[in-house]
1. Could you tell me whether A520 is surrounded by 23 or more Cβ atoms within 10 Å (Cβ to Cβ) and more than 30 Å from Y232 (Cβ to Cβ)?
2. Here is a list of conditions, (1) open to solvent by 40 Å² or more (accessible area, probe 1.4 Å); (2) out of contact with any helix residue (DSSP H, G or I) (no Cβ under 8 Å at 6 or more places or on another chain); (3) modelled with pLDDT of 95 or more, and R123 meets all of them except one; can you say which number that is?
3. For G264, indicate whether it is small (G, A, S) and open to solvent by 50 Å² or more (accessible area, probe 1.4 Å).
4. What residue, among those in segment 235-262 that are of a type in the set (V, I, T) and at pLDDT 95 or above, is nearest to the chain's Cα centre (by Cα)?
5. Of the conditions (1) closer than 20 Å to H110 by Cα; (2) surrounded by 19 or more Cβ atoms within 10 Å (Cβ to Cβ), L591 fails just one. Which one is it?
6. For the subset of segment 358-408 comprising residues that are modelled with pLDDT under 85 and touching a helix residue (DSSP H, G or I) at 6+ places or on another chain (Cβ under 6 Å), which member is surrounded by the fewest Cβ atoms within 10 Å (Cβ to Cβ)?
7. Could we say that K541 is open to solvent by 20 Å² or more (accessible area, probe 1.4 Å) and of a type in the set (K, R) here?
8. Residues of segment 127-186 being closer than 25 Å to L89 by Cα and basic (K, R), which ones?
Amino acid sequence: MEKWRATSNLRRSLKSILNRQLSSVSEFRYLNEKRSCQSSFNLIRDCKSLGQVNAIQHRCFSSASTLVQRNPSFSTLNFDDISYFKGLLGEKSVIQDEDRLETVNTDWMHKYKGSSKLLLLPRSTEEVAQILRYCNSRCLAVVPQGGNTGLVGGSVPVFDEVIVNVSSMNNIISFDKVSGILVCEAGCILENLISFLDNQGFIMPLDLGAKGSCQIGGNVSTNAGGLRLVRYGSLHENVLGLEAVLANGDVLDMLGTLRKDNTGYDLKHLFIGSEGSLGIVTKVSILTPPKLSSVNIAFLACNDYSSCQVLSASKISFLGINYAKLMQNNSSAYHFLSSVHQKLLMEAKRKLGEILSAFEFLDTEAMNLVLHQFDGVRNPLPASMHNFYILIETTGSDESYNRYLFSAISANNIYIEFINHKNSCREKLEAFLLSSMEDGLISDGVLAQDINQASSFWRIREGVPEALMKAGAVYKYDLSLPVEKMYDLVDDMRIRLGDMAKVVGYGHLGDGNLHLNVSAPEYDDKILEQIEPYVYEWTSKHRGSISAEHGLGLMKANKIYYSKSAETVQTMASIKKLLDPNGILNPYKVLPHSLNS
């Protein structure tokens, strides 16, 4: 490989870029410490003592939100309830300590806060079943909770709901090295599963910035997306089975480990992404892919977003992603890409295999935030700031391979031609970068030389959410949009907000997921009025989704109609009523409040 790098003034040799040494940085850690930022909710009234009639009747979480009314059919916790739970779980698993309750009542962003007086820590499915059976009989509302890393208020109480946290259910039940099927309890921390599988020669199909805190049960319940979705798909594709406890305490054993099972309704999909509103997931079986030996990461710069999206389209075909299937679901993108690089895309798709595992982007505002908020983080492309940055990760099985070419000459004579086809995954990536440079899509770039450099690249991308939290108040929107339209919304919001706030855009370009963030020194209703409902209306107008991977939670429960028809929502409500007739599971979340009353 000779040359691929292009700058405004010159093109330098590929070798010099591949050998570029970066200063090592410490490994990125997901935010675990407490942060103080102004809460966006207004507590109307509170209740200070157990057994007193609950005085909280309603809460307003923002000027753009409907007032949330406490469901009057729910009971209030009393001392008999506490005695029952202590008898069932033991003293240590029934938590009433105010400091611990403060933590589990508050979400990661300090944006939502409940007033639960009780945290329960079951250790088995049977204990979860008995808890729900009792709560259902008493009409005590319940909030299922895992690592509490959600961003839409889905994992914390709204009022005084009992918190059922499954973190003590953290056992790996089995792992089959032949099939790659992992069976585990819901409280397993994602990073622990990643480490376990790494030692077995496998990987999790799911990777998140919050992996050090989030739990697999919560991941499944929210259908978490993450960084590898472009390669391995969503959890709907990777979860083979699960076990869930219904509101009445019935246990649904759907913990299958078969790749193919076509016997009736596949009910597990109801619980994947239902955010604990239909049942509490207690066990999961998940298909894990083998760990591949060749991993390469490139950090690139583009001058404009159109280059990013053309680069994204090129990588889809050049690196072997199913172009036809993707374009079938996005006709507008098809027409756009056809007119730009149809020949290149189709030729590349025909010739190269599937090695892409991540394709992320961030704009210059996001890069500036990360560089400003973290000591020791450096721009891998320090010559100048660019408008957009792309992180590409590829994974492959071998550094090189040999190919046999069989030529049948006649029925009795077969000649075998041996071809030494040395074409590594790294060489494929280098060839793609060279092609992209020649087409003017890349203005600068660097390939990681070792694991430290690779970690430093990922730290920039994964550090954006924490950098936004450090900067002050942040309004977060997780949207699915046609790739060619994604950044138009960022530009529109900058014009709309002017000097009132900074608008930051980043996300998973490979699967059309924009993380739109509005950063301000403090929460301000005037800013929120400019954001909502405009963001939702804009997304709906372009046939996008108002929640790509974060879920609806409390934040977007009343906004669901921007993405789903009234008939669809009503069907969801009917399913909820069937499985949870008293509505005790994660009330006020997912569905519009008018359907939860």
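The values are calculated or read from the model by the stated rules, or taken from the named source; none is laboratory data. Note that the structure is a prediction, hence the values are computed from the model and not measured. Methodologically, a virtual Cβ is constructed for each residue, glycine included, from the backbone with ideal geometry; neighbour enumeration extends over all protein chains shown. Each accessible area value is taken on the protein alone, full model and side chains, heavy atoms only, with ligands, DNA and RNA left out. Shrake-Rupley method; radii C 1.70, N 1.55, O 1.52, S 1.80 Å.
1. no
2. (2)
3. yes
4. V239
5. Exception for L591: condition (1).
6. M385
7. When the stated conditions are applied, K541 passes them.
8. Residues satisfying the conditions are R133, R138.
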